[in-house]
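Here's the structure, in structure tokens; my notes come after.
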Amino acid sequence: MTRHKLVIFTNPVEGREDEFDDWYMNTHMPDVMRVPGFVSGQRYAWSHAQARQHPQTWRYMTILEIDTEDLQGTLDDLLSRAGTPAMRMCDALDEHRIVYAFTAATPVFTAGPAGGIVYAR
């Protein structure tokens, strides 16, 4: 099975962050995990510490892991559920967001003893 990542950048509607957080964690992520092929996900908040300073556009990033040989079919299934009882949406989610799908181009690199690199297979 091929592993893919779906990277999503989002913001809450101004003043509705608590509602957005509650929906994302307690409704949206469980709904997404019910889509065949989606195996895990984690949400991140923008950090003030950055390697280079630049304007901050997105407050949140979610990385979802998908195991499938038919990525487009899996993404189509996900999108077909949006706004239905199978994937309830929330108006506290700002309408502007960016979604990118990626497929691994290399093995996983990890730090080995004495700073060496170990490649996962």
Item checked: Count - residues of the range 6-30 that are open to solvent by less than 20 Å² (accessible area, probe 1.4 Å) and not hydrophobic (A, V, I, L, M, F, W, C) -> 3
Check: Among (1) modelled with pLDDT of 95 or more; (2) assigned to a loop (DSSP other than H, G, I, E, B), which single condition is residue 106 missing?
Finding: (1)
Next item on the list: Could you check residue 34 against (1) surrounded by 13 or more Cβ atoms within 10 Å (Cβ to Cβ); (2) under 29 Å from residue 106 (Cα atoms); (3) over 13 Å from the mean Cα position of the chain (by Cα) and say which number it fails?
Entry: (1)
Next item on the list: Please enumerate the residues belonging to the range 36-91 that are in a strand (DSSP E or B) and free of Cβ contacts under 8 Å to residues at least 12 places away in the same chain.
Entry: 82, 84
Margin query: Every residue in the range 73-121 that is among the charged types (D, E, K, R), more than 18 Å from the chain's Cα centre (by Cα) and either open to solvent by less than 60 Å² (accessible area, probe 1.4 Å) or under 27 Å from residue 18 (Cα atoms) (or both), please.
Written below: 91
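The values are calculated or read from the model by the stated rules, or taken from the named source; none is laboratory data. The structure presented is a predicted model; accordingly, all values stated were derived computationally and were not measured. A quick note on method: Cβ atoms are made from the backbone with ideal geometry, for glycine too, and the neighbour counts reach across all protein chains shown. Ligands, DNA and RNA are stripped out before the accessible areas are found, and what is left, the full protein with its side chains, is counted by its heavy atoms. Shrake-Rupley method; radii C 1.70, N 1.55, O 1.52, S 1.80 Å.
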